[in-house]
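This report concerns only the one structure given below.
The values are calculated or read from the model by the stated rules, or taken from the named source; none is laboratory data. Small disclaimer: the values here were computed from a predicted structure and weren't measured. For neighbour counting, all protein chains shown are included, and Cβ atoms are generated from backbone atoms with ideal geometry for every residue, glycine included. Keep in mind that these areas ignore ligands, DNA and RNA; they rest on the heavy atoms of the full protein, side chains included. Shrake-Rupley method; radii C 1.70, N 1.55, O 1.52, S 1.80 Å.
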Amino acid sequence: QVTLMESGGGLVQAGGSLRLSCTDSKTAFSTLAMAWHRQAPGKEREFVAAIISVDGTDYGGSVKGRFTISRHNYKNVLYLQVNSVKPEDTARYYCAADANIGRLTTAPNHWGQGPQVSVSS
């Protein structure tokens, strides 16, 4: 059973930074490919970033160069460092996991609750 729990959402000013975290203490965390997705009001869910191994990362085009995904397998924690935020980054950010890498950027099996990130201009 995979149970993902996120933290770190909130209100941030444009140009600022924040870090989202995601944990799961019940599974072999290191065996899962992990990702972040987001969904803004009235819009479709958007792939943000994925990490398979320490060096294996991928980013959506709108966040590349500003966001950084990382993981600490020993602590069972996934991070998303969000820098230079823009008002259009306002969304619910979902941690996701799947043992199948092929589903990770489109339809992963496991999702967190999705903390809200709001960016003020």
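Looking at segment 51-66, which of its residues are of a type outside the set (Val, Ile, Thr) and touching an Asp or Glu at 6+ places or on another chain (Cβ under 9 Å)?
Scanning segment 51-66 gives Gly60, Ser62, Arg66.
What residue, among those in segment 3-19 that are in a loop (DSSP other than H, G, I, E, B) and hydrophobic (A, V, I, L, M, F, W, C), is nearest to Val82 (Cα to Cα)?
Going through the qualifying residues, I end up with Ala14.
Just the residues that are in contact with a Ser or Thr (Cβ under 6 Å, 6 or more places away or on another chain) and among the β-branched types (Val, Ile, Thr), please, taken from segment 83-121.
Thr90, Val119
Please go through segment 95-118 and give me each residue that is in contact (Cβ under 8 Å) with a residue 12 or more places away in the chain and not in a strand (DSSP E or B), ordered by number.
Passing the criteria: Ala99, Asn100, Ile101, Leu104, Thr105, Thr106, Pro108, Asn109, Gly112, Gln113, Gly114, Pro115.
What is the residue count in segment 20-58 for residues that are part of a strand (DSSP E or B), within 17 Å of Trp111 (Cβ to Cβ) and either polar (S, T, N, Q) or open to solvent by 60 Å² or more (accessible area, probe 1.4 Å) (or both)?
Adding up the residues that qualify gives 4.
Filter segment 58-103 down to the residues that are among the polar types (S, T, N, Q) and in contact with a helix residue (DSSP H, G or I) (Cβ under 7 Å, 6 or more places away or on another chain), then identify the one that is modelled with the lowest pLDDT.
Checked segment 58-103; the qualifying residue modelled with the lowest pLDDT is Asn73.
So which residues in segment 59-74 are out of contact with any Ser or Thr (no Cβ under 8 Å at 6 or more places or on another chain), in a loop (DSSP other than H, G, I, E, B) and either open to solvent by 60 Å² or more (accessible area, probe 1.4 Å) or among the charged types (D, E, K, R) (or both), if there are any at all?
Gly61, Lys64, Gly65, listed by residue number.
Hey, could you check segment 109-121 for residues that are surrounded by 14 or more Cβ atoms within 10 Å (Cβ to Cβ), over 15 Å from Gln1 (Cβ atoms) and within 14 Å of the chain's Cα centre (by Cα) and say which is modelled with the highest pLDDT?
Per the stated criteria, the residue is Val117.
Please go through segment 75-94 and pick out each residue that is part of a helix (DSSP H, G or I) and open to solvent by less than 50 Å² (accessible area, probe 1.4 Å).
If the condition is that a residue be part of a helix (DSSP H, G or I) and open to solvent by less than 50 Å² (accessible area, probe 1.4 Å), then Asp89 is the only one that fits.
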